[in-house]
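Read through the structure below, which is laid out as structure tokens, and then see the notes.
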Amino acid sequence: MTTNYITIPGITNDHVTLSPQTISIAVPTCIQTITPDKNGYVPPGTCHALYNYYPSFTAALAFSIIFGMLTIAHIAQAALFKTKFCWVIIMASIWETISFTARAISTRNQQNEWIELISELFVLLAPLWVNAFAYMLLARMIHFYLPIHSIFSIPASVLAIAFVTLDFISFVIQLIGGSYAGPTAPMTQQLKGVHIYMGGIGLQQLFIFLFLALGVKFHREMFWLERVGSAKEGWKGLLFTLYGSLGFITIRIFFRLIEFSGGKTSSNPLPYHEVYFYVLEAVPMCLAILCYNVTHPGTVLQGPEARLPTIRSLVFKKRRGRKQQIGSGDKGGVEMGSNYVELGEESISIHVELEGKDPREGKDPREGKDPREGKDPREGRNSFRERFGLW
């Protein structure tokens, strides 16, 4: 305890005279009485103790190397398959590499608060990059595989932007909470930071559940296309890879929720044993990133349809489609019916020719029976719609 002295000046007026007063305030301070070892370690609960256990340098170094190798592999695969959007999963690998590299350095400098804080922040926030990549990947799969390029009548590009925005909101909340909950911060500030972080990580898991509903819908649509023989190859392996990656992220989220909600008490062993951190944090994140190395999106998503159109292009395309419908009419005196079905970046015009009498001659040019008798002129259109699941 340190004693601070505050002097309140006196007051003199027509009614009262108060002499100056000196007030002493006892302020708790951290005075280190235990000599740190060569790595700066002091027992948990003592002054300047950054860890609740003796951290392993070997484990931190091993995972920094593993994540570094995953980063190099993702950079090479992105260049090989020309998948620019894979920079997101590369960022996830880089952040994990930075986190465990800083952790390895921190195990040898356990009195340095900033190195430990960098390690903690990067390991807490890196999973959000994997989430964002999953959102972008499913949007591209919807655009690539589904003829109507949408789920629940929502274009794939809109879905990608919406979920990445939600992921960014969760990122900001977790960043604020993680920065508040430093190991050397006052206990009240640490509790506040933990509660903020738990709120952010809870939102992250909620967004994952909502996103999985879209994944299941896409899954059912692809099963239907397979039954009618119109499905492209490769969707199943890529979708199950996405499921697996989000599953590992979920394991990691529940670990953090249980760890923080249990508090730093003797009944909660998670904060006091490093093995839980590596088994339930480091290993799931490693596998979540490795999934996309094993089944890389670039091996499946190839060609112009693998790129998502911008929102601006979607708006202009919709306007062009309306103008084409309004401007279409009769040609050559023969009655024609046109139905436009929008399939992504192109509009396919299906013409059902209604062969009737030539208005210039007043008779049937084929001198035969009217082919429309007994037929539904929408027959060709219906079969096309059933084929591509537009009903």
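The values are calculated or read from the model by the stated rules, or taken from the named source; none is laboratory data. Small disclaimer: the values here were computed from a predicted structure and weren't measured. No Cβ is skipped: glycine too gets one built from the backbone with ideal geometry, and neighbour counts run over all protein chains shown.
Answer yes or no as to whether residue 161 is touching a residue at least 60 places away in the same chain (Cβ under 8 Å) and of a type outside the set (Asp, Glu).
Taking the combined requirement at face value, the residue satisfies it.
What are the pairs with Cβ atoms under 8 angstrom where one residue, in the range 224-237, is touching a residue at least 60 places away in the same chain (Cβ under 8 Å) and the other, located anywhere, is among the aromatic types (Phe, Trp, Tyr)? Sequence gap at least six, or different chains.
225/145; 230/388; 231/145; 232/144; 232/145; 235/145
Can you spot a residue in the range 175-182 that is among the β-branched types (Val, Ile, Thr), in the same structural domain as residue 119 (by TED's automatic domain parsing) and part of a helix (DSSP H, G or I)?
Scanning the range 175-182, I find at least one residue that is among the β-branched types (Val, Ile, Thr), in the same structural domain as residue 119 (by TED's automatic domain parsing) and part of a helix (DSSP H, G or I), so the answer is yes.
Of everything in the range 145-170, what is among the small types (Gly, Ala, Ser) and outside any loop (DSSP other than H, G, I, E, B)? Give them in sequence order.
Result: 150, 156, 157, 160, 162, 170.
Taking the stated definitions as given, is residue 245 touching a residue at least 60 places away in the same chain (Cβ under 8 Å) and among the polar types (S, T, N, Q)?
Yes: the conditions hold for residue 245.
Pick from the range 29-88 the residues that are under 17 Å from residue 113 (Cα atoms) and of a type in the set (D, E, K, R): which of them is modelled with the highest pLDDT?
Applying the filter and picking the extreme gives 38.
For the range 73-113, give me each residue that is more than 22 Å from residue 131 (Cα to Cα) and outside any loop (DSSP other than H, G, I, E, B). Even if it seems obvious, please write down each step before you answer.
Of the residues in the range 73-113, the ones more than 22 Å from residue 131 (Cα to Cα) are 80, 101-113.
Answer for the range 73-113, where residues must be more than 22 Å from residue 131 (Cα to Cα) and outside any loop (DSSP other than H, G, I, E, B): 80, 101, 102, 103, 104, 105, 106, 107, 108, 113.
Every residue, every condition in (1) at pLDDT 90 or above; (2) surrounded by 16 or more Cβ atoms within 10 Å (Cβ to Cβ); (3) farther than 30 Å from residue 272 by Cβ, yes or no:
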{"site": "144", "(1), (2), (3)": "yes, yes, yes"}
{"site": "148", "(1), (2), (3)": "no, yes, yes"}
{"site": "152", "(1), (2), (3)": "no, no, yes"}
{"site": "171", "(1), (2), (3)": "yes, yes, no"}
{"site": "183", "(1), (2), (3)": "no, no, no"}
{"site": "186", "(1), (2), (3)": "no, no, no"}
{"site": "193", "(1), (2), (3)": "no, yes, no"}
{"site": "200", "(1), (2), (3)": "yes, yes, no"}
{"site": "204", "(1), (2), (3)": "yes, yes, no"}
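Might you let me know whether the range 249-257 holds any residue that is under 26 Å from residue 170 (Cα atoms), in the same structural domain as residue 159 (by TED's automatic domain parsing), modelled with pLDDT of 65 or more and surrounded by fewer than 16 Cβ atoms within 10 Å (Cβ to Cβ)? Break it down into steps so the answer makes sense when it comes.
Initially, the range 249-257 is screened for residues under 26 Å from residue 170 (Cα atoms), giving 249-257.
After this cut, where a residue has to be in the same structural domain as residue 159 (by TED's automatic domain parsing) as well, the list is 249-257.
Still in the list and also modelled with pLDDT of 65 or more: 249-257.
Filter once more, keeping what is surrounded by fewer than 16 Cβ atoms within 10 Å (Cβ to Cβ): 254, 257.
So far as the range 249-257 goes, yes, one or more of its residues are under 26 Å from residue 170 (Cα atoms), in the same structural domain as residue 159 (by TED's automatic domain parsing), modelled with pLDDT of 65 or more and surrounded by fewer than 16 Cβ atoms within 10 Å (Cβ to Cβ).
Which residue, of 162, 231, is surrounded by fewer than 20 Cβ atoms within 10 Å (Cβ to Cβ) and within 18 Å of the chain's Cα centre (by Cα)?
162
Any residue at all in the range 114-122 that is of a type in the set (S, T, N, Q), in contact with a helix residue (DSSP H, G or I) (Cβ under 8 Å, 6 or more places away or on another chain), over 21 Å from residue 256 (Cα atoms) and at pLDDT 90 or above?
No, the range 114-122 contains no residue that is of a type in the set (S, T, N, Q), in contact with a helix residue (DSSP H, G or I) (Cβ under 8 Å, 6 or more places away or on another chain), over 21 Å from residue 256 (Cα atoms) and at pLDDT 90 or above.
Might you let me know whether the range 215-222 holds any residue that is in contact with a Gly (Cβ under 8 Å, 6 or more places away or on another chain), modelled with pLDDT under 95 and assigned by TED's automatic domain parsing to the domain that holds residue 271?
Within the range 215-222, one or more residues are in contact with a Gly (Cβ under 8 Å, 6 or more places away or on another chain), modelled with pLDDT under 95 and assigned by TED's automatic domain parsing to the domain that holds residue 271.
Looking only at the range 95-132, which residues are free of Cβ contacts under 8 Å to residues at least 40 places away in the same chain and of a type outside the set (Val, Ile, Thr)?
Once the filter is applied, which keeps residues that are free of Cβ contacts under 8 Å to residues at least 40 places away in the same chain and of a type outside the set (Val, Ile, Thr), the range 95-132 yields 95, 99, 102, 114, 119, 122.
Can you go through 73, 49, 92, 78 and tell me which one is in contact (Cβ under 8 Å) with a residue 12 or more places away in the chain, of a type in the set (Gly, Ala, Ser) and outside the structural domain of residue 109 (by TED's automatic domain parsing)?
From the options 73, 49, 92, 78, the qualifying one is 49.
Testing residue 101 on (1) within 20 Å of the chain's Cα centre (by Cα); (2) polar (S, T, N, Q); (3) farther than 20 Å from residue 303 by Cα, one condition comes back false. Which one is that?
(1)
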